[in-house]
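Beneath this line is the structure, given in structure tokens, with notes to follow.
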């Protein structure tokens, strides 16, 4: 006589829902990517009219080819990621890893070893893609400056830094699960938020210098102009620095990092080489616009809200047998529950991506408007056009793909709004 396990129908239902969500996410990813490549290739023969005077046909076609190469490679990566997800869950991979760490005495050591094993497997699976993206695609289009030795050094530093920072955080979360009672998820969330704020505070002064060299911006007209811009905007910075981004890539950028007295303005050396002084001021004014409109604080608050939902849902599911069994896992433990949440949640939250993208694009428009008031819309247009050109950013993205993914507005829409502000 057969006996139906408690929760068996629910287990089966959850398995089907998970598999459907993962496959639907993959199908949508591939469909959007296919649309994007087709749209970019269809517009490859001619430069869009609004950029005809500033972008050459050769540069436009190079950007199209670069975009298509990245997108098609991303499609392959998405297929492999989904296959790995199924292999680890329904395919029994997590059970094998749990068995591999079983000889370790029960306790926090075994729990952390299990999570470490999952991180190792997923990291190794992604390594060939990172390698090809760096030494294949980026090198083919003339962007890569990184040597293989530097790639390995960065990887080793990243692993060590992950152990140094990640292991204590995981240990703290596991301790709260085991020792803090029914409200453990709230305490774990508070610890997670404190950890994230600490990392953001330490990132510009202790973490980033492990990977790049930061040199104070030399005295001169550029530094004086930036200081006048900061004074005009009522912004205090902990320093103006130039980062040796060119040792890894020819891409250019500028950014702000840190909080309070640790705030830094960082310019890529490639940006200084490519933009005129007034254009650099406009780019920095755009970044100042993010601070003026508190976009950074809003994004952090949103991230914390999402993480609160994550821990709250984990608190509900980790005691449910159907949650583990429905994802193909036999061994139940706090570490396994945490691992399953991290692996499975993206399949269910993927459809929220366009909402996050929409919010980000709104912030970019606001920062552009601020920059146009503080400097010049024409200067920002000139800077963006050069950045699009130098970074081989496509001027003709598929509208639906862009609406779903892009954190920045398409070039023609962004430039069009800035022209209106300038007028």
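The values are calculated or read from the model by the stated rules, or taken from the named source; none is laboratory data. Computed from a prediction, not measured in an experiment: that's the story for all the values here. Every residue, glycine among them, receives a Cβ derived from its backbone with ideal geometry; neighbour counts consider all protein chains shown.
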Subject >> Residue count for the stretch 410-423, restricted to those that are surrounded by fewer than 21 Cβ atoms within 10 Å (Cβ to Cβ) and within 30 Å of residue 38 (Cβ to Cβ) >> reply: 7
Original post:
Out of 158, 162, which single residue is over 21 Å from residue 108 (Cβ atoms) and in a helix (DSSP H, G or I)?
Top reply: 158
Subject >> Evaluation of residue 208 against (1) crowded, with 16+ Cβ neighbours inside 10 Å; (2) over 25 Å from the mean Cα position of the chain (by Cα) (one fails), failing number >> reply: (2)
Subject >> Residues located in the stretch 111-131, provided they are under 19 Å from residue 338 (Cβ atoms) and free of Cβ contacts under 8 Å to residues at least 60 places away in the same chain >> reply: 113, 116, 117, 119, 120, 121, 122, 123
**OP:** Filter the stretch 239-258 for residues that are free of Cβ contacts under 8 Å to residues at least 60 places away in the same chain, more than 15 Å from residue 281 (Cα to Cα) and surrounded by fewer than 17 Cβ atoms within 10 Å (Cβ to Cβ) and give the result.
**Re:** 239, 244
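Results for (1) out of contact with any strand residue (DSSP E or B) (no Cβ under 9 Å at 6 or more places or on another chain); (2) farther than 30 Å from residue 386 by Cβ, shown as yes or no for each residue.
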{"residue": "160", "(1), (2)": "yes, yes"}
{"residue": "179", "(1), (2)": "yes, yes"}
{"residue": "190", "(1), (2)": "yes, yes"}
{"residue": "211", "(1), (2)": "yes, no"}
{"residue": "218", "(1), (2)": "no, no"}
{"residue": "264", "(1), (2)": "no, no"}
Original post:
Which is assigned to a helix (DSSP H, G or I) and loosely packed, with under 13 Cβ neighbours inside 10 Å, of 41, 124, 84, 94?
Top reply: 124
**OP:** Confirm whether residue 171 is assigned to a helix (DSSP H, G or I), more than 20 Å from the chain's Cα centre (by Cα) and more than 26 Å from residue 245 (Cα to Cα).
**Re:** yes
Original post:
Within the stretch 53-62, is even one residue out of contact with any helix residue (DSSP H, G or I) (no Cβ under 6 Å at 6 or more places or on another chain), surrounded by 18 or more Cβ atoms within 10 Å (Cβ to Cβ), modelled with pLDDT of 95 or more and part of a helix (DSSP H, G or I)?
Top reply: yes
Subject >> helices (runs of 4 or more DSSP H) contained entirely in the stretch 290-385, each with at least 3 residues that are surrounded by fewer than 16 Cβ atoms within 10 Å (Cβ to Cβ) and out of contact with any helix residue (DSSP H, G or I) (no Cβ under 7 Å at 6 or more places or on another chain) >> reply: 295-317, 334-349, 353-374
Original post:
Of (1) outside any loop (DSSP other than H, G, I, E, B); (2) without any contact (Cβ under 8 Å) to a residue 60 or more places away in the chain; (3) closer than 25 Å to residue 379 by Cβ, residue 232 satisfies all except one. Which?
Top reply: (2)
**OP:** Please name all residue pairs, on different chains or six or more residues apart, with Cβ atoms under 8 Å, provided the first residue is in the stretch 363-389 and is at positive phi and the second residue is assigned to a helix (DSSP H, G or I) and surrounded by fewer than 21 Cβ atoms within 10 Å (Cβ to Cβ).
**Re:** none
**OP:** Would you confirm whether any residue within the stretch 141-148 is free of Cβ contacts under 8 Å to residues at least 40 places away in the same chain, closer than 30 Å to residue 208 by Cβ and loosely packed, with under 14 Cβ neighbours inside 10 Å?
**Re:** yes
